[in-house]
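Participant: The structure is given below, and queries will be raised subsequently.
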Amino acid sequence: MIEAYAPETVYAAERVLMERLAEGELMARAVTGLAKVAAIRLAERGGRRVVALVGPGNNGADALYAVAHLAEDGILCGAVLLDGKAHAGALSAAEAAGVVLAREVASEVPAPLSDAAGGLIGEADLVLDGILGIGGRAGLPMWARTWVAAIPETAYVIAVDLPSGQDPQGEQGDPDGVFADETVIFSVPKPVHLLPAGEPACGLLTVVDIGLDFGEEPVAVRRLDRQDVAAMWPVPEATSDKYSRGVVGIIAGGESYTGAAILAVTAAVEAGAGMVRYVGTPTPQALVRAAVPEAVHGPGHVQAWVIGPGLDSAARHKGAAAQRDCAREALASTVPVVIDAGGLDFVTGLREAPTLLTPHAGECARLLSRLTGREISRREVTDAPLRHARDLADHTGAFVLLKGSWTIVAGPGGGTAYSQNDAPPWLATAGAGDVLAGLLGTLLAAGLHPGPAGALGALVHGLAADRANPGGPIRALAIARALPATIAGLLRENC
Ligand SMILES: NC(=O)C1=CN([C@@H]2O[C@H](COP(=O)(O)OP(=O)(O)OC[C@H]3O[C@@H](n4cnc5c(N)ncnc54)[C@H](O)[C@@H]3O)[C@@H](O)[C@H]2O)[C@@H](O)CC1
């Protein structure tokens, strides 16, 4: 897994380490690593000129010291910096090493670049972005916009710690900020590196260890990877039976959306539920009987419910009212529940038992609008997904798995969020969410906590989609069908 720490946690760890080290040692470690990566990339690309974009903080100092190192090694280096604001030690080092300097003014209105700065940036083969680091607020400062706009398309851009303008907390992105080819991270990733608002701006992530220790410090964002599956996936033991492995109840489908029932039930069975119980109206029930002979039918005892794929909360067809009653009873019970699609209409507020909501951005916006009485648009959710997932979690007491090209899982009251980015874009297809809901039901029924279950489910769902047809179109049923071999492969890989 990859774990990201919040800037305040990083600053605290830095303070602890700095007390034990000689002054400047920590930054020296960061600079040595940064300069090494920059030298390698320059050589790989056959480039000659490097420019550092130097902001007023320590991030700028890192970049300025790094070009001083590179200049000492004979590389043609320049730096664009704010007159009177650069780190004194780094500035002396850069001057002594022969770095060409362009001193700019920190204007609050868009101002043209000086010829000196324009020349340095425009001719650079490699740019070190040290405008803002973890002390930065979201949004590129006005004075830096012309610097960033002048970066040539052909230059390789290395962001120092994080791409400037992007929110270090990763909650919102800046389209005018730096989009790097590579980000050299000091010690540990920060939320910006793993969350959808920032990750696309980071490029390749390269970690330089500067010796920080995070011990038991809280993790802000976690990403599971395939090596984590074996330790987390519920594997039956010799003494297991179908009940101890977990019975999943699926309340899904109706006379209008029959396929959702088949997909969710199939996925739960393929993911390894001990037993799957289906509750639906006559048509999907007949289809599930034919397509998934392993399923049993009608309400009964379960270890987790999945409520909602293809469920029409206002349907008047035969059996619809009984299906709704079963959904309401499940919600009122203490049994863990996955609530998806039409099931989200049943959410009215806090639920204490383990609950995992699985909205996409539009559903998240609608549900939040209904629960808060304030109109929230889909766009607001896609612009700041973690904030809205957390908000919905706080209003419902549930874990929220927010679907999108990144999957975010957040719980009530803050704490560690998960960010998964495993799905091929081909996964954006009708029915894929029904498969995910069934898969998640299997994990909750086996006793997993909704937070890790959400992340694990999203990971395996993405990997199964890839396995179903690497690099090409995938139908939802193929994702469900690919689950057994995907899971077996992951378990074998990591035993
Ligand atoms: N503390 C340490 O010992 C180490 C710090 N390191 C570097 O230091 C960085 C953090 O340095 P700082 O705490 O100085 O923070 P930054 O270098 O991110 O700069 C913060 C400064 O920029 C200003 N600022 C922030 N957002 C702004 C905005 N949107 N518009 C205009 N001005 C803005 C702030 O008021 C502050 O003066 C890290 O990212 C890393 O690169 C590394 O050298 C490793 C060691």
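Every number in this text was worked out from the coordinates using simple rules, so none of it is lab data. Bear in mind that the values here come from a model prediction, so they are computed numbers and not experimental data. For neighbour counting, all protein chains shown are included, and Cβ atoms are generated from backbone atoms with ideal geometry for every residue, glycine included.
Participant: Taking a ≥ b ≥ c as the square roots of the eigenvalues of the Cα gyration tensor of the stretch 96-246, is the shape rounded (a/c under 1.5), prolate (a/b larger than b/c) or oblate?
Facilitator: prolate
Participant: May I ask for the net charge around Trp305, where only other residues with Cβ less than 14 Å from the Cβ of Trp305 are counted and Lys, Arg are +1 while Asp, Glu are -1?
Facilitator: +1
Participant: While we're on this one: How big is D, in µm² s⁻¹, for the stretch 2-223 by Stokes-Einstein at 20 °C and 1.002 mPa s if Rh is the Kirkwood radius over C-alpha pairs?
Facilitator: Translational D for this selection: 126 µm²/s.
Participant: Using only the alpha-carbon atoms, how far is helix 385-396 inclined from the longest principal axis of the chain? Give it as 0 to 90 degrees, nearest 10.
Facilitator: Long axis of 385-396 versus the principal axis of the chain: about 40 degrees.
Participant: In addition: Would you mind counting up the charge near Leu371? Only other residues with Cβ under 11 Å from its Cβ, with Lys and Arg at +1 and Asp and Glu at -1.
Facilitator: Once positives and negatives cancel, what remains is +1.
Participant: Now for a separate question. Given the DSSP H assignment, sum -39500 (n - 2.57) over each helix run of at least 4 residues in the chain and divide by its residue total; what's the result at 222 nm in deg cm²/dmol, nearest 500?
Facilitator: One gets -12500 deg cm²/dmol as the mean residue ellipticity at 222 nm.
Participant: Could you list Asp83, Asp340 so that the one with the fewest beta carbons within 10 Å of its beta carbon is first and the one with the most is last?
Facilitator: Asp83, Asp340
Participant: Another one. Full-extension gain between Leu491 and Ala286, please, as 0.36 nm times their residue separation minus the C-alpha to C-alpha distance.
Facilitator: 70.3 nm
Participant: Applying a 10 Å radius around every beta-carbon, put 245-252, 370-377 in order of their mean neighbour count, most first.
Facilitator: Sorting 245-252, 370-377 by mean packing, highest first, produces 245-252, 370-377.
Participant: Going by average Cβ neighbours within 10 Å, how do the peptides 385-398, 213-226 rank, with the highest at the top?
Facilitator: Per-residue Cβ counts within 10 Å, averaged per peptide and sorted highest first, yield 385-398, 213-226.
Participant: Sticking with this structure for a sec: Which residues among the stretch 197-223 fall inside the zone where the amide N is under 18 Å from a point 7 Å beyond the Cα of Asp73, along Cα→Cβ?
Facilitator: Label zone hits: 206-210.
Participant: Among Glu153, Glu255, Glu363, which comes first, then next, by fewest other beta-carbon atoms within 10 Å?
Facilitator: Listing Glu153, Glu255, Glu363 from fewest to most nearby Cβ atoms yields Glu153, Glu255, Glu363.
Participant: Label the chain by shape, choosing from rounded, prolate and oblate, from the square roots a ≥ b ≥ c of the eigenvalues of the Cα gyration tensor; if a/c is under 1.5 it is rounded, and otherwise prolate applies when a/b is larger than b/c, oblate when it is not.
Facilitator: Prolate, because a/c is 1.5 or more and a/b exceeds b/c.
Participant: Pulled fully out, how much extra length does the chain show between Arg378 and Lys85, if you take 0.36 nm times their separation in residues and subtract their Cα-Cα distance?
Facilitator: 101.4 nm
Participant: Can you sort Arg492, Arg29, Arg48 by how many other beta carbons sit within 10 Å, fewest first?
Facilitator: Arg492, Arg48, Arg29
Participant: Further, regarding this structure: Classify the stretch 262-350: rounded, prolate or oblate, from the alpha-carbon gyration tensor (a ≥ b ≥ c, eigenvalue square roots; a/c under 1.5 rounded; otherwise prolate if a/b is larger than b/c)?
Facilitator: It is oblate, given that a/c is not under 1.5 and a/b is not larger than b/c.
Participant: Note down the net charge around Asp73, summing +1 for each Lys or Arg and -1 for each Asp or Glu among other residues with Cβ under 13 Å from its Cβ.
Facilitator: Here the charged neighbours net out to +1.
Participant: What's the extension gain from Asn469 to Arg328 if we count 0.36 nm per residue and subtract their Cα-Cα distance?
Facilitator: Taking 0.36 nm per residue and subtracting the Cα distance, the gain is 46.9 nm.
Participant: For the stretch 317-354 and the stretch 118-143, what is the centre-to-centre distance using only Cα atoms, to the nearest Å?
Facilitator: So the two Cα centres are separated by 51 Å.
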